[in-house]
Amino acid sequence: MRIFLYSLATILGVSLHAQEGQSPTNQDSLFLRAIYNEALSEGEAYENLRTLTKDIGHRLSGSNSAAQAMEWGAEVMRGYGADDVRIMPVMVPHWTRGTTAVSEAILSEGIKRPLHITALGGSIGTAGNDPIQARVIAVKHLAELDTMPRELTEGSIVLFNRPMNPVLINTGSAYGGAYDQRGNGASAAAAVGAIGALVRSLTHALDTLPHTGAMKYAESIPRIPAAAISTVDASWLANMIKENPHLEVSLQMDCEAFEDVEQGNVIGEWIGSELPHEIITLGGHLDSWDIGEGAHDDGAGVVHTLEVLRLFKAIGYQPRRTLRFVLFINEENGNRGGITYAEQAALEMENSTIVHLAALESDAGGFVPRGFRIDANDEITKLMRTWTDLFDPYNIHQFRRGGAGVDISPLKNLEPRPTLVGLSPDGQRYFDFHHSAQDIFENVHKRELELGAATFAAAVLLLDQHLPSPKP
Ligand SMILES: [Zn+2]
């Protein structure tokens, strides 16, 4: 099988004439078949994910395991034959969860019910790491707090309890619609005198898993500790408050922030054969939250990216443009990797003939791929939509406009603006695992992961072949 693919690609390579800005060719469909064959029969994405999640584990920015993952990523890129592998230094936050995150509802005379919580990323601990205890009040929207009497909010612990909207088909939109509670809830609560915040986990699943994630303190508002609470406990607590408006909860956490640490983006480069000054970036983020193993978020995107390099070498595809394989650091709590990458890209474009033509990201899980989220002008969106027949045999049908990915989004500011594309896997189960202790290797399906890698590779190849060069 392999020998056949090599010779097929060699034959194709000889007669290769890219047709920029034009519809797909028969040669494209042969390349796609070769990519999917290789990924599904000889794929290494799944074993790479096992190494990343099981041998290295979770990889929060600033941690030793994140540094270890950087070394591992660089080593795999070298092993797969990248022309150049380097680290782009990035100063990242260093926050640790600590060992204690306890919350209890105080029911009556010494009867307590434990609540499943975990600190939100960036939260301060409780003062002196001692427990705090206060009346708990529940709201669904941040703005409700401003309408409540101050004597109610002062000194309270606020439960933010708005579920993700179940009727939205795109779970990412439902997540985005509930995100303000996690991102800004603590400061909204502190602004009305609250001393702690509990935020309903951002998931459709009804279970006892708390889902962490980044939160941010507003300037000049006192900082109060904030934790994610499981959906089951949030619903239970909200009901209990209706029965007993004086219900109290306790909260104790010893999370802590330290000085920033230097880590970096891992970058592997493969110089293009025809248009080496035109760059196509592809990547995922290497950092993850520190509960679970960062398997779907974003171990999948990391191994997808590495697999594209391996797949192209294996089928004998020689890219026309320079490909940059990037494992970004710090997507989860700052996006400093993505921001630094875009800053460096702007400098490169200022000081050389280099043009950043396109960037692709896989950061939506290792589930069965459905298609792409395209952030591009009309011409290129239309071009990508001519690929529908080409992708039909692989059950890839989505060519939607939308956010392509957090790490690559700062590249939007470049002039000319690069085409941004996100791999779009099925998202219905993503938030069951996202940022929780269940985001582990065992919850990623081998074939689905491999199909994602192949689909990601196919998009890179087609953009390399058909994207028009920028007009001088
Ligand atoms: Zn992610």
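Nothing in this text is a laboratory measurement; each read-out follows from the coordinates by a stated rule. Just so we're clear, the structure is a prediction, and the values are computed from it rather than from any experiment. Note that each Cβ is placed from the backbone with ideal geometry, even for glycine, and that neighbours are counted across all protein chains shown.
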Distance check, please: which entries in LYS313/LYS382; LYS313/LYS412; LYS216/LYS412; LYS412/LYS446; LYS112/LYS242; LYS140/LYS412 exceed 27 angstrom between their Cα atoms? LYS313/LYS382; LYS313/LYS412; LYS412/LYS446; LYS140/LYS412
Cα Rg over Rh - the stretch 327-399, Kirkwood: 1.05
Roughly what % antiparallel, to the nearest 5, for the DSSP beta bridges in the stretch 98-254? 60
The chain, helix-only ellipticity at 222 nm - DSSP H runs n ≥ 4, -39,500 (n - 2.57), divided by all residues, nearest 500: -10500 deg cm²/dmol
Selection of trypsin sites (Lys or Arg not before Pro), the stretch 125-204, meeting DSSP coil and at most 16 other Cβ within 10 Å: LYS140
Rounded to the nearest angstrom and ordered from largest down, what semi-axes does the equivalent ellipsoid of the stretch 231-272 get from its C-alpha gyration tensor (root of 5λ)? 48, 19, 6
Considering only the chain, what is the antiparallel percent among its DSSP beta bridges, to the nearest 5? 55
Could you list SER469, SER230, SER61, SER250 in order of exposure, starting from the residue whose Cβ has the fewest other Cβ atoms within 10 Å? SER469, SER250, SER230, SER61
State the Kirkwood hydrodynamic radius of the stretch 163-217 in Å, one decimal place, computed from all pairs of distinct Cα atoms. 12.1
Which of VAL326, ILE339, LEU209 sits farthest toward the positive end of the charge dipole of the stretch 201-345, with +1 on the Cβ of Lys and Arg and -1 on the Cβ of Asp and Glu? VAL326
Among THR203, THR208, rank each residue by its count of other Cβ atoms within 10 Å, from fewest to most, as a rough exposure measure. THR208, THR203
What's the angle, to the nearest 10 degrees (0 to 90), between helix 26-42's Cα axis and the longest principal axis of the chain? 60
Could you rank the peptides 107-118, 440-451 by their average count of other C-beta atoms within 10 Å per residue, with the highest value first? 440-451, 107-118
Note the per residue figure in Å³ for the convex hull of the C-alpha positions in the chain. 144
For the chain, take the longest principal axis of its alpha carbons; what is the angle in degrees between that and the long axis of helix 64-79, to the nearest 10 within 0 to 90? 10
Cβ density ranking, 10 Å radius, fewest first, applied to HIS296, HIS397, HIS246 yields HIS246, HIS397, HIS296
